[in-house]
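Here the structure is laid out as structure tokens; the discussion comes afterwards.
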Amino acid sequence: MKRLKLFLEQHHGFLRWLAGLYRILFGCRKKIRGRDNRILLGGGFLRKSRIQVNGDDNQIEIEDLCVLENCRIYVAGSHNRIRIGRECRLTGLELWLEDNGNQVVIGNNTRVTGRSHMAVTEGTRLSLGSRCLLASEITVRTGDSHSLLDGEGKRCNPAADVTIGDHVWIGDGAVILKGVTLGADCVIGARAVVTRAVPERAAAAGNPARIVKEDITWESERI
């Protein structure tokens, strides 16, 4: 595997040609409406995936050695940016951006193993670090999608950025809500509903999630 990776890195042009052929053979449907939109798939391998853009000056960049399977990227608005780092493997992920000026950044070597939904709205930013592991049926939202009004009719639930640090493990069915920061090396339990920050090297579980263990880290391998 290391030799194959080294070969592909040394033959960058061949990698991009191979990735393009893969997308043609196995399917990456694109529906782009608007002006000055840039879809930079490079050496990313997309299978049974869809990209839909409605708006102007949006950019989607998928870096080399990424594999996206059964994914959907939907953008409705202008001046939005999505960047997926090298060697990510994303299965069944739906990225949903509405409004203008949103940003999604996914770091290198991050994995999503089953159907999950990430919604970014109102000009906010979702940052997902490198070497993260996300299980299935996970929801991450920077906003509520609807308006909550106070007694004077003023909206009181604005959207807020979500930041997930490097090497974070999120269990099945977890929900990460607006304004949350997850520190590096932390673990989020299955079905947890996270409404506030979780520090580095901590495990959180429950609804609403609370810290259940501190000074921990995790590894993909069972040791």
Under 20 Å from Lys178, Cα to Cα: aspartates and glutamates that are on another chain or at least 8 residues apart: Glu94, Glu98, Asp99, Glu122, Glu137, Asp144, Asp150, Asp161, Asp166, Glu200
Counting DSSP beta bridges with both ends in the chain, the antiparallel % (nearest 5): 5 percent
Mean Cα-pair separation over length for the chain, i.e. relative contact order, pairs under 8 Å, 6 or more apart, %: 10 percent
Gyration tensor (alpha-carbon) shape descriptor, the range 97-160, a/c threshold 1.5: prolate
Beta bridges by DSSP in the range 165-223, antiparallel share as percent, to the nearest 5: 35 percent
Anisotropy class of the range 23-179 from Cα gyration tensor, a/c 1.5 cut: oblate
Global form of the range 149-223, assessed from the alpha-carbon gyration tensor, a/c cut-off 1.5: prolate
Mean Cβ neighbour count within 10 Å, used as a protection proxy, ranking 116-127, 34-45 highest first: 116-127, 34-45
Cα centre as origin, Lys/Arg/Asp/Glu Cβ charges: the chain dipole, Debye: 840 debye
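Throughout, read-outs are computed from the coordinates displayed, never taken from laboratory work. Given the structure is predicted, the values throughout are model-derived calculations rather than measurements. Using ideal geometry, Cβ is built from the backbone for each residue, glycine included, and neighbour counts are taken over all protein chains shown.
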